[in-house]
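One structure is given here, and the rest of the page talks about it.
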Amino acid sequence: MKIIAFAGSPSKNSINKKLATYAASLFDNSDVEVLDLNDYQMPIFTVDIEKEIGQHSLAQAFLDKIATADFLVVSLAENNGNYSAAFKNVFDWCSRINGKVFQGKPMLLMAASDGKRGGANVLEIGKNAFPRYGADIKAIYSFPVFYENFDVEKVQISNPELDNELKEIIEGF
């Protein structure tokens, strides 16, 4: 099974990328590719820029990666209660090429935050919006208080309850 994992954050030390990478590693017999939003930097989407340059090749490249997946692991960063600007920009460019950005792929939708709510706002937005854009959301996982519950050096969840919860979700696939 081919898994494409990515975080909705361009941070070099993204807690969401760490969580997505860890979650993807838990799937048995899978080939995992972790995408980095920094590889898909494009001008801020506007119809004026689109009219000037056309469809951006990096948006097509992102869609091509999604097309190779059997399963998506997506962990959204929450910035002021919403998607990060970097993710929203990639999403906007991609949606102009293919309105079904997620191409009907099954998805584990997650969010990590250093707060107690675990990205609850952005998860709610993604849960409501992504199916309209071709996501088949199979499960949602919220990861709170990241630095207390994740071992950054070992790149794994250190809180046994939270770790078991994620592993049970993944075993269900």
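The label-point distance for Val145 and Gln55, in a model that sets each label 7 Å from Cα toward Cβ, rounds to 4.7 nm. The gain in end-to-end length when the Asp163 to Asn38 segment is fully stretched comes to 42.2 nm, 0.36 nm per residue minus the alpha carbon separation. Okay, which of the range 19-34 sit inside 14 Å, backbone N to the point 7 Å along the Cα-Cβ direction of Thr68? The answer is 31-34.
Considering the zone a paramagnetic label at Glu153 would reach in this model (a point 7 Å from Cα along the Cα-to-Cβ line), which residues of the range 10-24 have amide N under 20 Å from it? Backbone N within reach: 13-15, 18-19, 22. Can you list which of the chymotrypsin sites (Phe, Trp or Tyr not before Pro) found in the range 120-154 are DSSP loop residues with at most 12 other C-beta atoms within 10 Å? In loop regions of the range 120-154 (DSSP not H, G, I, E or B), there are no sparsely surrounded chymotrypsin sites (Phe, Trp or Tyr not before Pro). Each 5 Å bin from zero holds the following percent of Cα-Cα pairs in the chain: 1, 9, 18, 23, 21, 15, 8, 3, 2, 1, 0. Of Lys18/Lys100; Lys2/Lys116; Lys88/Lys127, which ones are farther than 24 Å apart at the Cα? In this structure, Lys18/Lys100; Lys2/Lys116 lie more than 24 Å apart at Cα.
Taking a ≥ b ≥ c as the square roots of the Cα gyration tensor eigenvalues, the range 24-92 comes out oblate, since a/c reaches at least 1.5 and a/b does not exceed b/c. Amide H contacts of Phe71: Lys2, Ile4, each under 5 Å away and 5 or more positions distant or on a separate chain (H built 1.01 Å from N in the peptide plane; Pro and chain starts excluded).
Couplings 3J(HN,Hα) of the range 50-56, computed from phi: 4, 5, 6, 10, x, 6, 6 Hz, in residue order, whole Hz [Karplus 6.51 cos²θ - 1.76 cosθ + 1.60, θ = phi - 60°; x for Gly and Pro].
The stretch between Phe173 and Asn13, if pulled fully straight at 0.36 nm per residue, gains 54.8 nm over its current Cα-Cα span.
Bear in mind these aren't lab numbers, they're just calculated from the coordinates by the rules spelled out. Since we're looking at a predicted model, the values are computed, not measured. Every residue, glycine among them, receives a Cβ derived from its backbone with ideal geometry; neighbour counts consider all protein chains shown.
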